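Here the structure is laid out as structure tokens; the discussion comes afterwards.
The values are calculated or read from the model by the stated rules, or taken from the named source; none is laboratory data. Computed from a predicted structure; not experimentally measured. Cβ placement follows ideal geometry from the backbone for every residue including glycine, while neighbour counts extend to all protein chains displayed. We work out accessible area using only protein heavy atoms, side chains counted, and drop any ligands, DNA or RNA first. Shrake-Rupley method; radii C 1.70, N 1.55, O 1.52, S 1.80 Å.
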Amino acid sequence: MYHVIKGLVLTESQCWDPDSERSYQDLFDKLDTNKDGKVDVAELRAGITAMGMSFRRGAAEKIVSSGDENKDGGLDFNEFNKYLKEHEKKLRLTFKSLDKNNDGRLPYHILLHKARYCYYLLCDLISCLCSMDIDGTMMVDWNEWRDHFLFNPAHNLNEIIRYWKHSSVLDIGESIAIPDEFTEEEKISGGWWKQLSAGAMAGAVSRTGTAPLDRVKVFMQVHSSKSNRVTLLGGFKQMIKEGGMASLWRGNGVNVLKIAPETAIKFMAYEQYKKLLTPEGGKVQTHQRFMAGSLAGATAQSSIYPMEMMKTRLTLGKTGQYNGMFDCAKKILRKEGIKAFYKGYTPNMIGIIPYAGIDLAVYESLKNAWLSRYAKDTANPGILVLLGCGTISSTCGQLASYPLALLRTRMQAQATLEVSDKSTMTGLMKGIMANEGFFGLYRGILPNFMKVIPAVSLSYVVYEYMKTGLGISK
């Protein structure tokens, strides 16, 4: 490709310089055959083919749709220039992630090793290695790599996907974030289930470590009001006085137990929803991730919601009231019927949308800002950046969805309170606003925020240890 561009696009006195805007301008002028200031799909396909370059099926369409910011069906020079520069930066990140010894060359065996789990990927790679390796050294250098893939949109950016997982890695007690992406290699080799298992164990340790703060949060959500103000310290004193130190972990068992089924259901549902919402062979866009993730979260929450209900009842229960999870389930079923297991279901489902949407939007914005500014040789952000981005995005999501979480908890707890009026979601919200004001919807937010940093720190440390134990490569 290098020699084709040099011979057909540029004058003999010029050298192809990918960083030169003049070079991109000359290439654009060559492709813009009708001189209307735009390169459409037909012009791009015809021009690249005429230069002797191979195109993947649908590549021209993907390039135009990815770079066409004003949606006029073609790329003007600014859009064309921006697309090529951004795409080249992503190619460099991928190349650097494969170039382990930093000598600027990729031996064939490294590339073939990466594709060993997928027959079709292996065949495709073997067929294009010869066209990449222009000088016949059995090595692919950066220029050959860039020149081959510059006009072939990347199917997945494995390095970015691998390093920027956060919903599997960081657990703050809520399981409604958009699921993480996994590379094709991770899916085919079975690495995905190891990572989910590591995440589940990390979540179990994290939730156990922050269970006292979670219990006092629920206690304040249900019992605190203007007339009966419950402080953080006062809540701890009441719980310890009633049931001793061990009571601070009441309800934690079922909270940990629901991690595994919820994680598995959400991941499987997410993959299926992505297939339904994404055109065959197309790249998953952010809005499609949001829709698929929200639907997957709703599916998983619907499946395990009775456990969520029991967790609230056990957390609020007094000493001797319930003899474990099964006793709690039997008493709820006998006294209130099967519908009681889905009290608070509506605000819980509605709460998925603001939490998942804001968490995804903030995290993607922070990730893209870091990648565009600081990613030079690798997409690995390091521990502090990853924890910081995950903490900020999760906190923003919690702020938006917290009033709905409070309504859910109060509806779940209504049968345990000495009140004759069992309010609906809207009735309960109106009552809180009338009696306590807007900030009444944020009762218990302090312990909820206090548990974020220890929760993400614990979950990350345990996740890394579990990855080592399960043999997951870095």
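Condition (residue is in a helix (DSSP H, G or I), touching an Asp or Glu at 6+ places or on another chain (Cβ under 9 Å) and either open to solvent by less than 30 Å² (accessible area, probe 1.4 Å) or at pLDDT below 95 (or both)) applied to the stretch 323-337: is it met by at least one residue? Within the stretch 323-337 (the criterion being in a helix (DSSP H, G or I), touching an Asp or Glu at 6+ places or on another chain (Cβ under 9 Å) and either open to solvent by less than 30 Å² (accessible area, probe 1.4 Å) or at pLDDT below 95 (or both)), the answer is no, since none of the residues qualifies. Within the bounds of the stretch 450-461, is there any residue that is assigned to a helix (DSSP H, G or I), small (Gly, Ala, Ser) and surrounded by 19 or more Cβ atoms within 10 Å (Cβ to Cβ)? Yes - at least one qualifying residue is present in the stretch 450-461.
Kindly establish whether GLY235 is part of a helix (DSSP H, G or I) and open to solvent by less than 30 Å² (accessible area, probe 1.4 Å).
yes
Can you name every residue in the stretch 309-322 that is closer than 18 Å to ASN255 by Cα and in contact (Cβ under 8 Å) with a residue 60 or more places away in the chain? Within the stretch 309-322, MET309, LYS311, THR312, ARG313, LEU314, THR315, LEU316, GLY317, LYS318 qualify. Return the only residue of TYR465, TYR442 being in contact (Cβ under 8 Å) with a residue 24 or more places away in the chain and either among the hydroxyl-bearing types (Ser, Thr, Tyr) or open to solvent by 30 Å² or more (accessible area, probe 1.4 Å) (or both). From the options TYR465, TYR442, the qualifying one is TYR442.
Of all residues in the stretch 430-450, count the ones that are of a type outside the set (S, T, N, Q) and within 30 Å of GLY390 (Cβ to Cβ).
12
Across the stretch 265-308, the number of residues qualifying as free of Cβ contacts under 8 Å to residues at least 40 places away in the same chain and of a type in the set (D, E, K, R) comes to 4. Restricting attention to the stretch 412-429, the residues that are open to solvent by 30 Å² or more (accessible area, probe 1.4 Å), touching a helix residue (DSSP H, G or I) at 6+ places or on another chain (Cβ under 7 Å) and modelled with pLDDT of 75 or more total 4.
MET239 meets all of the listed conditions (1) without any contact (Cβ under 8 Å) to a residue 40 or more places away in the chain; (2) within 26 Å of the chain's Cα centre (by Cα) but one, namely (2).
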